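Colleague: Below is a structure I'd like to ask you about.
Since every read-out is calculated from the coordinates, none of them should be taken as a lab result. Just so we're clear, the structure is a prediction, and the values are computed from it rather than from any experiment. FYI the Cβ positions are ideal-geometry reconstructions off the backbone, even for glycines, and counts take in every protein chain you see.
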Ligand code: HEM
């Protein structure tokens, strides 16, 4: 396999011109309050009023909100070696993610990424279709005609089962409820921690810290059981991600320690389920208000698949469904901000910034930018039916990030989300029941506050065409 980070051009030189300015800041705290009160609102106001590169100050940490697509390309691709994952945010979550793929760095990260890559690519990826469709069908069996349910909690449950089942070849059955509750606590605790400018060590006996530690123990217990069971039965005959990680040897012939295995497994469980669930929840929120969009999706799905179980081979025939998903992730990008921190002096947008500068790149801002998207706040899936994706600057639309650290699960997530949508629309139609717009909660992902209530109508078998 080639070096993921090879053939990347050298960083740019600084050039003259007025230095960007940022919003007024409080003494000591800088922009901490403005940000933590309303992160999305603060990002939006700041980008609108101060431009594409805005200096910020988080209690003494120098930061930049970067919405210039060329500067983003410099940070994530051209000059990526000058940055690490964002310490200001991730240092709060070490106990949870450890040295997993999401947060590790350098040669260690690169090795782990190579190890983890094959199950996310090629034929192995396509073979997950039956697991995804089977889990979705089982979920739908319990849905009654006329009932109102929260589709967000159902999607969280479904994608958690799917990740465990496909990537770890494990049925979570008895553990799902505990795991879901623990993951909820972790999301809330991480949100609180990310908006704090300082670290409260995990051992300080505050109620939040106790909840956080307890939730981590629950997740760890499940993962440790999964690893022990796989060790007991041997991983030689299996080809799932967990078995690959367990079978891997380093240059000295040593296997990964249980701690490293635990870090990777926890990371993939967390990174791999909530993001996709949130993308699906927002999709249902949007299409749940638009019967004509649902009708077009249903017609496309009926024509391509009829009543048989969907497969990965059907995906090329679901162009409109894919446009809907892309448009939902444009308006509500599950990873609403990604962060980096420079490890050396760098040039961003033509100006030099010192080592230690925090950089924030927000798909939330980029995806609603009128320079790239006409009537950017409107849900218009057909905007993707022409050549928009080819015309856009590379980083104007980036739900999965970019550069060497682009989401490893991107293809898995698109396939999973499309198969889930197709299977759902084969069996049900559903209308959103809310009275007022759902507020996005910028937690670790962009969650819909209060969930997404849908009224379900079961479709009759006859209405699906070629059953
Ligand atoms: C709609 C669903 C998803 C979205 C929007 C999403 C988004 C992202 C983004 C934006 C990043 C880059 C973060 C950064 O640069 O700091 C990322 C990284 C990552 N994602 Fe995803 N993701 C999704 C699904 C998944 C799935 C299904 C998995 C695994 C099963 C996964 C595993 C990961 C991992 C391990 C990383 C870290 C990669 C690395 O640094 O090498 N994601 N994701």
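Colleague: As a footprinting exposure proxy, order 78, 37 by other Cβ within 10 Å, with the fewest listed first.
Modeller: Working: 78 17, 37 10.
So the residues, fewest neighbours to most, are 37, 78.
Colleague: Evaluated at 20 °C with a viscosity of 1.002 mPa s, what Stokes-Einstein diffusion coefficient in µm²/s does segment 40-84 have when Rh comes from the Kirkwood expression over alpha-carbon pairs? Mind dumping the intermediate values first?
Modeller: Numbers: Rh = 11.5 Å.
Estimated via Stokes-Einstein, D reaches 187 µm²/s.
Colleague: Stretched out fully, how many nm does the piece from residue 410 to residue 204 gain, at 0.36 nm a residue minus the Cα gap? Mind showing how you got there, number by number?
Modeller: Working: separation 206, 0.36 × 206 = 74.16 nm, distance 3.74 nm.
Answer, rounded to one decimal: 70.4 nm.
Colleague: Under the 0.36 nm per residue contour assumption, what length would be gained going from the current alpha-carbon distance of residue 303 and residue 127 to full extension? Could the numbers behind the result be given before it?
Modeller: Numbers: separation 176, 0.36 × 176 = 63.36 nm, distance 2.27 nm.
So the chain would gain 61.1 nm between residue 303 and residue 127.
Colleague: Express the relative contact order of segment 7-166 as a whole percentage, based on alpha carbon pairs under 8 Å and six or more residues apart in sequence. Present the calculation step by step, with values, prior to reporting the outcome.
Modeller: Values: 104 pairs, mean separation 24.9, N = 160.
The normalised contact order for segment 7-166 reaches 16 percent.
Colleague: Using a/c under 1.5 as the rounded threshold, could you call segment 343-409 rounded, prolate or oblate? The axes a ≥ b ≥ c are square roots of the C-alpha gyration tensor eigenvalues, and prolate needs a/b larger than b/c, oblate otherwise.
Modeller: It comes out prolate by the Cα gyration axes.
Colleague: When only C-alpha pairs under 8 Å and at least 6 residues apart count, what is the relative contact order of the chain, in percent?
Modeller: Averaging sequence separation for qualifying contacts and normalising by length gives 26 percent for the chain.
Colleague: Among 415, 398, which comes first, second and so on when ranked by fewest other beta-carbon atoms within 10 Å?
Modeller: Working: 415 18, 398 24.
Listing 415, 398 from fewest to most nearby Cβ atoms yields 415, 398.
Colleague: Using a 10 Å cut-off around each Cβ, can you sort 210, 380 from fewest to most neighbouring Cβ atoms? Please report the intermediate quantities before stating the final value.
Modeller: Working: 210 12, 380 17.
By the 10 Å Cβ count, ascending: 210, 380.
Colleague: Indicate the gyration tensor shape class of segment 229-298 (rounded, prolate or oblate), computed on the Cα atoms with a ≥ b ≥ c the square roots of the eigenvalues: a/c under 1.5 is rounded; otherwise a/b larger than b/c is prolate and the rest oblate. Working shown, then result.
Modeller: Working: a/c = 4.37, a/b = 3.09, b/c = 1.41.
It comes out prolate by the Cα gyration axes.
Colleague: What shape does segment 345-465 have by the C-alpha gyration tensor, where a ≥ b ≥ c are the square roots of the eigenvalues, rounded means a/c under 1.5, and otherwise prolate means a/b greater than b/c and oblate the rest? Don't skip to the answer; put the middle values down first.
Modeller: Values: a/c = 2.20, a/b = 1.95, b/c = 1.13.
Because a/c hits 1.5 or more and a/b exceeds b/c, segment 345-465 counts as prolate.
Colleague: With the contact rule set at Cα under 8 Å and sequence spacing of 6 or more, what percent relative contact order holds for segment 73-232? Present the calculation step by step, with values, prior to reporting the outcome.
Modeller: Numbers: 75 pairs, mean separation 37.0, N = 160.
In percent, rounded to a whole number, it is 23.
Colleague: Per-residue counts of other Cβ atoms within 10 Å, averaged by peptide: what ranking do you get for 278-286, 417-425, highest first? Before the final figure, lay out the partial values.
Modeller: On the way: 278-286: 26.0, 417-425: 24.2.
By packing density, highest mean first, the sequence is 278-286, 417-425.
Colleague: Determine the calculated [θ] at 222 nm for the chain from helices alone, applying -39500 (n - 2.57) to every DSSP H run no shorter than 4 residues and normalising by the residue count; nearest 500 deg cm²/dmol. Walk me through the intermediate numbers first.
Modeller: Numbers: 18 runs with 214 residues, N = 467.
Helix-only estimate at 222 nm: -14000 deg cm²/dmol.
Colleague: Zone of residue 70 (label point 7 Å along Cα→Cβ, backbone N under 17 Å): which residues in segment 12-41?
Modeller: 12-20
Colleague: Can you give the alpha-carbon Rg of segment 98-206 over 2.2 N^0.38 Å, where N counts its residues? If you can, show how the numbers build up before the last one.
Modeller: Numbers: Rg = 18.1 Å, N = 109, 2.2 N^0.38 = 13.1 Å.
Against the empirical 2.2 N^0.38 Å value, I get 1.39 for segment 98-206.
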